[in-house]
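The values are calculated or read from the model by the stated rules, or taken from the named source; none is laboratory data. Only a predicted model underlies this, so the values are computations on that prediction, with no experimental measurement involved. So basically every Cβ, Gly included, is an ideal-geometry build from the backbone, and we count neighbours across all protein chains shown. Heads up: the accessible areas ignore ligands, DNA and RNA and are worked out on the full protein's heavy atoms, side chains in. Shrake-Rupley method; radii C 1.70, N 1.55, O 1.52, S 1.80 Å.
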Amino acid sequence: MTAVPSGDTPYATPITLTALASLLESRTGQRIAPNRAWRIDTALKPLAAENGLGSIDELVGHVRGGSNPALADRIVDALLNQETSFFRDAGAIEAAAEAIASIAPGTPRIWCAGCATGQEPLSLAIAFAERGGALADLIATDVSAAAIARARAGRFTQFEIQRGLPIRRMLRWFEQDGDDWVAQAELVRRIVWRRSNLVVDAAPGGRFDAVFCRNVLFYLAPEMRTRVLDLIAGSLRPGGLLMLGAGETVIGQSGRFVPSKRFRGLYELLPAR
Amino acid sequence: MKSCLVVDDSKVIRKVARHILEGLDFTVSEAADGREALDACLASTPDVILLDWNMPVMSGMDFLRALRETPLGARPKVVFCTTENGVAHIRAAIEAGADEYVMKPFDRETLQSKLQIVGAA
Ligand SMILES: C[S@@+](CC[C@H](N)C(=O)[O-])C[C@H]1O[C@@H](n2cnc3c(N)ncnc32)[C@H](O)[C@@H]1O
Ligand SMILES: [Mg+2]
């Protein structure tokens with residue numbers, strides 16, 4: 001006989017997994033990638049335990065029929081892939097900052113859509129500060145309230161701070177606090193942080209010179225991708241730039257952008273027909 | 001293929017680092033202290049050195065200062081890799097000529113990203 005050790009959460013049943021997948025997709029458009037399905041148990045165990053529930057099936061039972069929206073939010077949060085790093089894709093942020101500075105030399109407006117815990121907009125803020133360039137607006141949004149709260153605090157563990165951040169930049173822009181590293185207020189203050197859902201909410205107001213939407217569209221259903229790209233297109237000024245993740249493309253997803261001839265790796269908004 | 005010299009008095013750390021580095025296509029050699037590392041560098045200069053701080057015989061700092069004085073000593077990129085995680089230590093390492101700095105414990109992504117930063121991966 002095998003006894004389940006007390007305190008251990010049994011694996012979720014297929015029905016529960018399906019319910020979780022549709023909860024996540026209906027809220028965020030994100031689909032659970034088959035190669036990440038194994039993470040569901042790990043991701044939700046702490047939440048089940050925190051609520052005194054013995055299994056993930058019970059946890060999902062508690063939010064069925066919209067009965068507990070706050071708990072459903074926390075479940076969605078825990079299921080989202082929020083992997084990120086500073087200066088992700090070596091050299092990409094610096095190159096983008098240069099491109100943006102050249103099309104909007106005065107005071108560029110930038111939107112980071114799906115900013116996770118803030119490493120991407122902070123990297124941009126660093127890149128602009130080091131260029132000595134002004135920034136009019138840097139608006140960073142994410143569907144996850146927990147991620148936005150963390151981003152706003154600007155606090156990173158030793159593991160997080162080392163991912164992609166050169167040591168001299170770490171010393172210049174962060175302060176050590178115990179084992180954590182905290183972004184200088186000067187840097188965090190440049191960024192407006194906001195919880196916002198790309199598949200439901202309106203884009204932040206005004207026209208942007210550039211939008212970053214990296215590693216967000218990847219797990220969206222194709223029609224959802226087109227919708228989000230339309231939203232982004234509507235928020236860019238003519239000739240504005242879009243940056244996607246290294247493995248992502250607009251090709252076949254949207255007719256509103258073309259790969260930029262001037263700026264490698266970036267897309268340009270086509271003039272409206 | 002790039003070469004990396006792993007300098008650490010812990011056999012376990014050397015083994016872990018070797019595993020990660022070989023996965024990133026590096027040719028790996030090892031040294032257990034600064035003295036051994038200097039000898040290794042004089043015999044053949046690696047592209048990158050992953051350098052522990054606290055070691056018997058010769059510390060990472062003493063090694064780094066000595067290395068930078070040797071004829072080819074400016075060439076290898078030096079990435080400190082140590083449990084010393086205070087600002088004062090990090091500044092001292094940079095002043096002594098370190099190119100990058102990894103605070104232990106580290107994982108594959110951290111090491112890879114630091115090697116990319118120094119232009120080695
Ligand atoms: C893998 S992270 C990428 C973070 C960062 N852009 C990067 O490339 O490093 C994806 C982020 O997109 C967010 N996200 C997913 N669906 C979203 C939606 N519908 N609206 C806004 N953000 C969303 C997730 O919460 C997560 O923080
Ligand atoms: Mg040691």
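See the values below:
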item	result
Positive-end residue of A:VAL63, A:SER102, A:GLY29, charge dipole of chain A with Cβ unit charges	A:SER102
Accessible area (Å², per residue) of the protein assembly as shown, counting only protein heavy atoms and a probe of 1.4 Å	47
DSSP-defined beta bridges in the protein assembly as shown - what % are antiparallel, rounded to 5	25
5 angstrom amide H check on B:LYS2, placed H, neighbours 5+ away	B:THR27
Net charge, B:ASP33 excluded, C-beta distance under 13 Å - Lys, Arg +1, Asp, Glu -1	-4
Amide H partners (placed H, <5 Å) of A:PHE87, local residues excluded	A:SER123
Net charge over other residues, Cβ less than 10 angstrom from the Cβ of A:ARG194 (K, R count +1; D, E count -1)	0
Electrostatic dipole magnitude of region A:179-273 [Cβ: Lys, Arg +1; Asp, Glu -1; Cα centre; debye, to 20]	420
0 to 90° range, to nearest 10: angle between helix A:119-131 axis and chain A longest Cα axis	20
Backbone HN-Hα couplings from phi across region A:148-164 [Karplus 6.51/-1.76/1.60, Hz, Gly and Pro as x]	5, 4, 5, 4, 4, 6, x, 9, 10, 6, 4, 4, 5, 5, 7, 6, x
Surface share of carbon and sulfur [accessible, 1.4 angstrom probe, percent] for the protein assembly as shown	53
Estimated 222 nm signal from helices in the protein assembly as shown, with DSSP H stretches of n ≥ 4 weighted -39500 (n - 2.57), rounded to 500	-12000 deg cm²/dmol
Residue with peak Gaussian network fluctuation, chain A [Cα springs, cutoff 10 Å], from A:ASN197, A:ASN81, A:ASN68	A:ASN68
Region B:2-117: C-alpha gyration tensor shape, a/c 1.5 cut-off, then a/b vs b/c	rounded
Those Cys residues of the protein assembly as shown for which no other cysteine Cβ falls under 4.7 Å	A:CYS213, B:CYS4, B:CYS41, B:CYS81
Stretch gain in nm, segment A:ARG168-A:THR107, where the contour uses 0.36 nm per residue and the Cα spacing is subtracted	19.3 nm
Too-long pairs where the Cα-Cα distance tops 19 Å, listed order kept, from B:LYS11/B:LYS104; B:LYS15/B:LYS104; B:LYS11/B:LYS77; B:LYS2/B:LYS104	B:LYS11/B:LYS77; B:LYS2/B:LYS104
Delta accessible area of at least 40 Å² on complex formation, residues of region A:147-177, 1.4 Å probe, chain isolated as reference	A:GLN158, A:PHE159, A:GLN162, A:ARG163, A:ILE167, A:ARG168, A:LEU171, A:GLN176
Area buried, chain B against chain A - accessible surface, total, 1.4 angstrom probe, square angstrom	1600
Cα long-axis angle, helix A:39-50 against chain A (0 to 90 degrees, to the nearest 10)	70
Threshold 20 Å² - residues in region B:106-121 whose accessible area is reduced by that much or more when the chain is no longer isolated, probe 1.4 Å	B:ASP107, B:GLU109, B:THR110, B:SER113, B:LYS114, B:GLN116, B:ILE117
